[in-house]
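**Q** The structure that follows is given in the form of structure tokens.
The values are calculated or read from the model by the stated rules, or taken from the named source; none is laboratory data. No experiment lies behind these values; they were computed from the predicted model shown. Every residue, glycine as well, gets a Cβ built from its backbone with ideal geometry; the counts of neighbours run over all protein chains shown.
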Amino acid sequence: MNKYDGLNAISKPLSRLPTYLSERVLEQIRSLTDYEPVIGIMGKTGVGKSSLCNALFQADISPVSDVTACTRGALRFRLQIGERSMTIIDLPGVGESALRDREYASLYREWLPQVDIVLWLLKADDRALAIDETFYRDVIGEQYRQKILFVVNQTDKLEPCHEWDTQLRHPSEQQQTNLNHKLQDIRQLLFPIHPVCAVSVKESWGLTLLVETLMHCLPREATSPLLRQLRNLYRNERVKEHAKTDFSHSVGGAMDSVIDLPFLPTALKSILIKAKETVIAIARSVWHFFF
């Protein structure tokens, strides 16, 4: 089964409508199934932006280096899985120099309106958050705070780093305590809208929870297309269920946008209203045809 079968199933409850109106509904739903998410990623040099993307998504994003930054400007990558695609905007790391940060500010402002969300990576052992705070306040501002998801990476480097459990691959009790303090400091300093996530890409720790949090932070229309790009390891039932629910709500929103058309005859509006819940239910049942 494919998306054409899915659209055909969705079209059946709309058969009583004039063709121009049913096609308008289907076009709205088709745009949801073809949506291409745009994910930004930012942070200081060496925080592991490319490594995180390579860990989460099925296609490699950009070269990874343990020594110097690989990305000096805003790099755009298009991930392609079958007919589905997604864009990663790899933004240059802040904190290299005051001059560069001023130059980068306009670059961030250019991209922020275009992304669905930005993963802002912070080093777990970095005590200097003044630059991040300044950027968050002056560049992100109130307008785009809802688009920022802070991710603390390299938690395996938190002191006492020698206590990291290498067998179970998770922090020791003392490391977890220190991490909790770190997360609390970030929340008090930056007042983020979304939960602050903590991961160790190197140890593959915390990535499942990050993905689940990311799905809750994305716009509804972006969750299902993004899920298709994730590595199978992170496409668990909770993530799939969330994506299905978001798709259902998005289809309902598409129906509402047609129902609310000005000058739509009352009789046609009534047919659309009656068909809405059926269309939503069918869209949910054929979700896997699209994604």
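**Q** Looking at Q188, Q174, Q146, can you tell me which residue is in contact with a Pro (Cβ under 7 Å, 6 or more places away or on another chain), over 26 Å from N54 (Cβ atoms) and not small (G, A, S)?
**A** Numbers: Q188 fails: in contact with a Pro (Cβ under 7 Å, 6 or more places away or on another chain); Q146 fails: in contact with a Pro (Cβ under 7 Å, 6 or more places away or on another chain).
Q174 is the lone residue from the list that is in contact with a Pro (Cβ under 7 Å, 6 or more places away or on another chain), over 26 Å from N54 (Cβ atoms) and not small (G, A, S).
**Q** Does R145 fit the bill of being surrounded by fewer than 21 Cβ atoms within 10 Å (Cβ to Cβ) and closer than 23 Å to L226 by Cβ?
**A** On the way: surrounded by fewer than 21 Cβ atoms within 10 Å (Cβ to Cβ): yes; closer than 23 Å to L226 by Cβ: yes.
Yes: the conditions hold for R145.
**Q** Could you list, in sequence order, all residues of region 256-281 that are surrounded by fewer than 17 Cβ atoms within 10 Å (Cβ to Cβ) and among the hydrophobic types (A, V, I, L, M, F, W, C)?
**A** Restricting attention to region 256-281, the residues satisfying the condition of being surrounded by fewer than 17 Cβ atoms within 10 Å (Cβ to Cβ) are 256-257, 260-270, 273-274, 277-278, 281.
Result: L261, F263, L264, A267, L268, I273, A281.
**Q** Could you give every pair whose Cβ atoms fall below 9 Å, whose first residue belongs to region 172-194 and is basic (K, R), and whose second residue is part of a helix (DSSP H, G or I), counting only separations of at least 6 or pairs across chains?
**A** Close Cβ pairs satisfying both conditions: K182/T155.
**Q** Hey, could you check region 14-47 for residues that are among the small types (G, A, S) and surrounded by fewer than 22 Cβ atoms within 10 Å (Cβ to Cβ) and say which is nearest to the chain's Cα centre (by Cα)? Talk me through it step by step, then tell me what you get.
**A** In the first step, residues of region 14-47 are kept if they are among the small types (G, A, S); the result is 15, 22, 31, 40, 43, 46.
Still in the list and also surrounded by fewer than 22 Cβ atoms within 10 Å (Cβ to Cβ): 15, 22, 31, 46.
Working: S15: 36, S22: 31, S31: 18, G46: 22 Å.
The qualifying residue nearest to the chain's Cα centre (by Cα) is S31.
**Q** Ok, one more. Could you tell me whether any residue of region 233-240 is out of contact with any Gly (no Cβ under 8 Å at 6 or more places or on another chain) and surrounded by 21 or more Cβ atoms within 10 Å (Cβ to Cβ)? Show your work before the answer.
**A** Start the filter on region 233-240 by keeping residues that are out of contact with any Gly (no Cβ under 8 Å at 6 or more places or on another chain), which leaves 233-240.
Narrowing the set further to residues that are surrounded by 21 or more Cβ atoms within 10 Å (Cβ to Cβ) leaves none.
No, region 233-240 contains no residue that is out of contact with any Gly (no Cβ under 8 Å at 6 or more places or on another chain) and surrounded by 21 or more Cβ atoms within 10 Å (Cβ to Cβ).
**Q** For region 201-231, name all the residues that are among the polar types (S, T, N, Q), touching a residue at least 60 places away in the same chain (Cβ under 8 Å) and within 23 Å of R169 (Cα to Cα).
**A** Restricting attention to region 201-231, the residues satisfying the condition of being among the polar types (S, T, N, Q) are 204, 208, 213, 223-224, 229.
When the remaining residues are screened for being touching a residue at least 60 places away in the same chain (Cβ under 8 Å), the result is 204, 213, 224, 229.
Selection gives S204, T213.
**Q** Moving on to the next point. Hey, can you tell me all the residues within region 148-175 that are buried (at least 20 other Cβ atoms within 10 Å of the Cβ) and among the polar types (S, T, N, Q)?
**A** N153, Q154, T155, Q175
**Q** While we're here: Tell me the helices (runs of 4 or more DSSP H) entirely within region 34-153 that contain at least 3 residues that are farther than 29 Å from N178 by Cα and either in contact with a His (Cβ under 7 Å, 6 or more places away or on another chain) or modelled with pLDDT of 85 or more (or both). Talk me through it step by step, then tell me what you get.
**A** On the way: elements: 49-56, 98-111, 130-135.
Correct list: 98-111.
**Q** Do you know which of the residues in region 4-13 that are under 15 Å from S248 (Cα atoms) and either in the same structural domain as E83 (by TED's automatic domain parsing) or in contact (Cβ under 8 Å) with a residue 60 or more places away in the chain (or both) is surrounded by the fewest Cβ atoms within 10 Å (Cβ to Cβ)?
**A** Filtering region 4-13 for residues that are under 15 Å from S248 (Cα atoms) and either in the same structural domain as E83 (by TED's automatic domain parsing) or in contact (Cβ under 8 Å) with a residue 60 or more places away in the chain (or both), the one surrounded by the fewest Cβ atoms within 10 Å (Cβ to Cβ) comes out as A9.
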